[in-house]
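Shown next, in structure tokens, is the structure this report addresses.
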Ligand code: R5P
């Protein structure tokens with residue numbers, strides 16, 4: 001049985017279709033004091049062999065609901081509980097960057113590990129966060145899905161990672177697309193919204209560029225990269241990512257920077273969810 005968190009209802013339905021496994025009816029209630037209550041009456045039917053809980057943790061409420069759904073499955077005596085975190089919130093807080101700070105990703109992972117037999121997560125920012133789960137989570141690579149929404153007529157395309165960390169993603173998208181070359185820029189981050197991009201010497205004049213990253217959060221990384229490309233006479237610019245978080249005014253920032261389109265997956269459901277990760281999840285389920 002597939003059980004959806006409130007933020008992953010479309011993806012859970014797509015996983016249900018891929019696996020031909022029933023989609024549970026879930027209710028997401030809220031008490032007058034603000035506390036959330038997610039419930040799944042069908043789990044108590046007694047014949048559920050496994051619960052696959054698909055829940056991106058994009059907010060504190062989503063975290064709480066996930067813990068509730070896991071506990072409801074345990075309470076109902078479901079023999080196998082699989083937790084799918086399409087997007088794992090707090091995964092970028094994977095270290096204590098200053099004295100006195102928590103390793104938030106570890107704290108979250110430990111809590112999520114309590115009532116589950118297995119955890120899958122899609123393209124975590126660093127694969128090392130998988131080891132915070134007990135047992136270790138499985139990282140599912142959805143990068144190849146990012147080639148699907150791209151136009152077929154890209155002109156001498158360059159698949160560009162806006163920082164070295166995204167090079168593998170860009171390479172996967174380029175090889176799945178089947179044309180063009182891969183390159184990467186260097187990035188220095190000064191704050192949550194301030195980054196500086198140091199370009200490579202790749203010639204982008206008149207060529208189409210696809211910038212590939214794991215997450216678009218504030219859009220600062222992408223918009224800085226687009227600015228550099230525009231100064232160099234680039235053709236069309238597409239931006240694509242696994243997790244289209246698109247916080248605050250990111251969409252506006254990227255549109256103003258002149259991108260043709262923003263493509264993401266449904267790990268975070270929203271206006272940029274152009275392709276589903278359901279097929280790659282289903283392979284692991
Ligand atoms: C960081 O290294 C990540 O790969 C992304 O580049 C980053 O999270 C994007 O954040 P923003 O959109 O706020 O620049």
Residue check for residue 182: modelled with pLDDT of 95 or more and under 21 Å from the mean Cα position of the chain (by Cα) | no
When residues of the stretch 213-238 are filtered for being in contact with a helix residue (DSSP H, G or I) (Cβ under 8 Å, 6 or more places away or on another chain) and within 10 Å of the ligand (Cβ to nearest atom), how many remain?
-> 9
If residue 175 passes every condition in (1) under 24 Å from residue 273 (Cα atoms); (2) within 16 Å of the ligand (Cβ to nearest atom) but one, which one does it miss?
-> (2)
Scan the stretch 20-38 residue by residue and report those that are closer than 15 Å to residue 53 by Cβ and surrounded by fewer than 15 Cβ atoms within 10 Å (Cβ to Cβ).
-> 22, 25, 27
Check whether at least one residue in the stretch 180-195 is farther than 26 Å from residue 145 by Cα, within 11 Å of the ligand (Cβ to nearest atom) and crowded, with 17+ Cβ neighbours inside 10 Å, and report yes or no.
-> yes
Only unsatisfied item for residue 248, checking (1) near the ligand (Cβ under 10 Å from one of its atoms); (2) within 27 Å of residue 18 (Cβ to Cβ), is (2)
Count - residues of the stretch 80-120 that are in a loop (DSSP other than H, G, I, E, B) and either more than 16 Å from the ligand (Cβ to nearest atom) or within 18 Å of the chain's Cα centre (by Cα) (or both) | 20
Which members of the stretch 151-169 meet the condition of being in contact with a helix residue (DSSP H, G or I) (Cβ under 6 Å, 6 or more places away or on another chain) and assigned to a loop (DSSP other than H, G, I, E, B)?
-> 162
Can you tell me which residues in the stretch 126-139 are outside any strand (DSSP E or B) and touching a strand residue (DSSP E or B) at 6+ places or on another chain (Cβ under 6 Å)?
-> 127, 130, 133, 137
Residue 172 more than 30 Å from residue 6 (Cα to Cα), touching a residue at least 24 places away in the same chain (Cβ under 8 Å), within 18 Å of the chain's Cα centre (by Cα) and assigned to a helix (DSSP H, G or I) = yes
Taking only the stretch 44-59 into account, find how many residues are modelled with pLDDT under 95 and either part of a helix (DSSP H, G or I) or buried (at least 16 other Cβ atoms within 10 Å of the Cβ) (or both).
-> 2
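The values are calculated or read from the model by the stated rules, or taken from the named source; none is laboratory data. Note that this is a predicted model, so its numbers are computed, not measured. Methodologically, a virtual Cβ is constructed for each residue, glycine included, from the backbone with ideal geometry; neighbour enumeration extends over all protein chains shown.
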